[in-house]
Every structure is written in C-alpha cells, then in structure tokens.
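The values are calculated or read from the model by the stated rules, or taken from the named source; none is laboratory data. Small disclaimer: the values here were computed from a predicted structure and weren't measured. All Cβ positions, even for glycine, are placed from backbone atoms using ideal geometry, and neighbour counts span all protein chains on display. Note: areas computed on protein heavy atoms with side chains; ligands, DNA, RNA excluded. Shrake-Rupley method; radii C 1.70, N 1.55, O 1.52, S 1.80 Å.
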Amino acid sequence: MFQFLIRLFVKDYQKTDDSKVRERYGKFSGAVGIVTNILLFLMKITTGILFHSIAITADAINNLSDSGSAIVTLVGFKMAGKPADEEHPYGHARIEYLSGLIVSFAILMVGFQLVQSSFDKILNPEDAEFSLVSIGVLVLSALIKLWQCLFYKKVGGTIGSTTVSANAADSLNDVFSTLSVLAGILITYFTGFNLDGYMGVIVALLIMITGVRLIVETSNPLLGMAPTKELVDEIYAKIMSYNGILGIHDLNVHNYGPMRCFASVHCEVSAEQDIMVSHDIIDNIERDFLSEKGIHLVIHLDPIVTDDERTNQLKKQVMEIIKGISPEISMHDFRVVWGTTHSNLIFDVCVSFAFPLSDSELTRRITEEISKLDPTYFVVLTVDHSYVPEP
C-alpha cells in the first residue's frame, strides 16, 4: 500500500538521488501526517470531552502537536529545496534539521503542559465515563498510528531523512501511549480505581521523553557529526583506485544538509612525477566525486620523495618508533632536510580525540625516541586529530 501511495503522489519516485524528488517525498510525508493527525485529534478531543477523560484529551493534544510537526516538516522540506544564493552559498538543506528541532521543542512543551493538567486531574479527580465508543476510538487510533509509523519508516529509509525517521519513532511512541490510555480506562472500569489522571501523566511523560530525544537527534547534524565509517571507507577506496595516488590523510567531511556534502583530503603523489600529471589526476578525482557521488571534494596534493634510500630508511625507523609507542598512531607527510650539523625531520602524526596522551606528551615521547637514533636529528612534529575511522 505504501508503494502504491508513493507511486501515485510522488513524481519520479524512483530517482531518490534527485534533490527535487527527495523534496517531493518529504512534502508528501508531511501532508499525510497533517491529514491523519488532525483526523485523530478530532476523534479523540470529541471523545475526551464527551466522556470527561483527561487521558484521552491529552492523547488528542499530542496528536494535534503531531499535526503541527507535520506542517513544520512539510514547510522545512520546501524551504530546504531552495537553491544556493549569495547569503547561503552552501544551500538551504540544513533547514530540514532546523524544522526537526522546532518540532522537537514543540513536543517537549506540549508534554510539559499536559503534565500540569494531568496532576490537576489527580488532585481534583472527575470520574471518566466508560463507553465502547471511547474504546473503539482508542483502538482505531492505535492502528492508524501504527500505519503512520510504518509509512514514515518507509519514506525516511528511502530518502535517508533523519526528520522523517524521527517522526516514525514518535508515531510508535504514540501507539504505546494510546494503548496505555486504553489500559487505564479498562483497569478503572473493572477495579473502580480512577487512573485517568495518572495515565494522563504517563502519556505526558512519554511525550516529553520523545521531545528530549528528538532534540538531541536533530541537534547533532547542526553541531556537525563525524561521517559514517561506510562513507569514509567508500571515499578512501575510490581515491586509492586511481593510479598515481600513494596515500591519503587528513580527510574532512562537512554536511550542509541531506545531499549537500563537502569534503577535503590530502593525497600523496610521487615527488618525481611531472606536476602536470599529478594535477590532472587530482582534477579527475574531484570531477568524478561530484558527478558520481554528489560530493564537492577538494584535494591538497602532497608530493613525497620515493627514490631517496636514506630518507626511506629513516622513515621506516621513525614509523617503528611510533608504532612502538602506540599502534593507534599513524604518520604522514614525512620529509627530511639533511644538514651538516643537524637534520630536520618534518612530519605529522594522527591520533583520535580519545588518545590517552596529550599532544605535548606525545611530541616529547617521539622526540626522545628519535634522538636515540641520532642526537643531531631535530624533530618538527605536528599532531593531528582524526574524527574519522581509518580504513
């Protein structure tokens, strides 16, 4: 059924790597959310008022907030599809993350308000009327929310949207909150103990927990997240597949929204190779990444000496020293300026942010070990920190 609706309402639905098609998916999911959540709100608010149930009313308000979230999602996808301009040269795709953040705060505020009203119902209880109508409304609501969850999960997975996937998780929470209200009504009817206010508190707390979780999830892309290991491995493998590339380091990946990826990397090439040949290789890699993967890649060319046996031997010794300190350390950009009274060893090492030694301590350890090889060796060391896993 999901595929039928997508084929019916999303033009060119197969081209999920097209930003316009992705926008259509997002807007369609928003429209579905608006219609279904408003329908649920009307059903529950009417039932809650008629049968004096704060728990059902709270669940109705939750659905109303969900419809507001769907509106924000729809508008967010529309604005995120705007092309780059002078003020926003990297495009507007991050608006999708902002819309998710707005939705998250709205959910949190609704939950907070419902906690207050539910506590008031506990302190000043009013018997809720049992009705098969209210039972039927809650069962139907749970089924619609389950369908909505599966729909969001399908769309979110298809276009890789954290916002739509978050809506799927929110819908699943709504299924459990509605079932908890249903359970409360049945327990109250069969035991006589009024659980209406207490179930309202439970629903409100579930809403607040969802709001906090979604705030964290939608804030992470705005703060800047490390790329996935799969993406890093893919970038490394593709670059290393080009003849003339000897090594890669200092990869940086920046996400300016879905399908708006910018990256930079250092590529090592032979210093003995014609610079025009090396430059041509770099140009080809950058063009291929943009056309094939949609990644705006900038490459810094690092020439390394490959035919100096003395330098190569010293490099091997330094690498053994570094690995002796920790196998987690990698080295790159190694070169030697040979002199009569001393020689400068210039290179970078790369460690993770969680590496146990400070930069200064690591520099001291490496310098001391190299000086044991020859006291005339002067170390010029830069410590880099990698936020991406090594391939």
Problem - the stretch 190-233, subset of a type in the set (Asp, Glu) and in contact (Cβ under 8 Å) with a residue 24 or more places away in the chain, residue farthest from His254 (Cα to Cα) - result: Asp196
Practice task
With the condition kept exactly as written, say whether any residue in the stretch 269-277 is closer than 30 Å to Arg94 by Cα and either under 25 Å from the mean Cα position of the chain (by Cα) or surrounded by 15 or more Cβ atoms within 10 Å (Cβ to Cβ) (or both).
Solution key: no
Problem - Residue check for Val133: within 14 Å of Lys44 (Cβ to Cβ), part of a helix (DSSP H, G or I), over 24 Å from the mean Cα position of the chain (by Cα) and at pLDDT 80 or above - result: yes
Handout entry: Members of the stretch 153-181 found to be at pLDDT 80 or above, buried (at least 21 other Cβ atoms within 10 Å of the Cβ) and over 17 Å from the mean Cα position of the chain (by Cα), listed by number
Key = Ser171, Asp174, Thr178
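So that you can scan it fast, the table gives a plain yes or no per residue for (1) on the phi > 0 side of the Ramachandran plot; (2) in contact with a Phe, Trp or Tyr (Cβ under 9 Å, 6 or more places away or on another chain); (3) in contact (Cβ under 8 Å) with a residue 60 or more places away in the chain; (4) surrounded by 15 or more Cβ atoms within 10 Å (Cβ to Cβ):
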site	(1), (2), (3), (4)
Ala84	no, yes, no, no
Gly91	yes, yes, yes, yes
Ile107	no, no, yes, yes
Leu114	no, no, yes, yes
Completion exercise
Selection over the stretch 182-217 where residues are in a loop (DSSP other than H, G, I, E, B) and either of a type in the set (Ser, Thr, Tyr) or open to solvent by 80 Å² or more (accessible area, probe 1.4 Å) (or both) yields a count of 1
Exercise for the section: Just need a number here: residues in the stretch 294-310 that are farther than 20 Å from His249 by Cα, without any contact (Cβ under 8 Å) to a residue 60 or more places away in the chain and open to solvent by less than 80 Å² (accessible area, probe 1.4 Å). Expected result: 1
Practice task
Could you tell me whether any residue of the stretch 319-327 is on the phi > 0 side of the Ramachandran plot and not small (Gly, Ala, Ser)?
Solution key: no
Exercise for the section: Select from the stretch 222-274 the residues that are among the small types (Gly, Ala, Ser) and within 22 Å of Ser161 (Cβ to Cβ) and list them in ascending order. Expected result: Gly224, Ala226, Gly257, Ala263
Handout entry: Selected residue (only one of Ile321, Ile275 is touching a strand residue (DSSP E or B) at 6+ places or on another chain (Cβ under 9 Å), modelled with pLDDT of 85 or more and not charged (D, E, K, R))
Key = Ile275
Practice task
Could you look through the stretch 47-82, keep only residues that are of a type in the set (D, E, K, R) and without any contact (Cβ under 8 Å) to a residue 60 or more places away in the chain, and pick out the one that is surrounded by the most Cβ atoms within 10 Å (Cβ to Cβ)?
Solution key: Lys78
Handout entry: the stretch 1-46: number of residues that are among the hydrophobic types (A, V, I, L, M, F, W, C), open to solvent by 50 Å² or more (accessible area, probe 1.4 Å) and within 21 Å of Thr178 (Cβ to Cβ)
Key = 4
Practice task
Kindly indicate the residue of the stretch 353-391 that is part of a strand (DSSP E or B) and of a type in the set (A, V, I, L, M, F, W, C) and also most open to solvent (accessible area, probe 1.4 Å) among those meeting that condition.
Solution key: Phe378
Handout entry: Selection count, the stretch 236-268, where residues are among the hydrophobic types (A, V, I, L, M, F, W, C) and either under 30 Å from Lys78 (Cα atoms) or open to solvent by 50 Å² or more (accessible area, probe 1.4 Å) (or both)
Key = 8
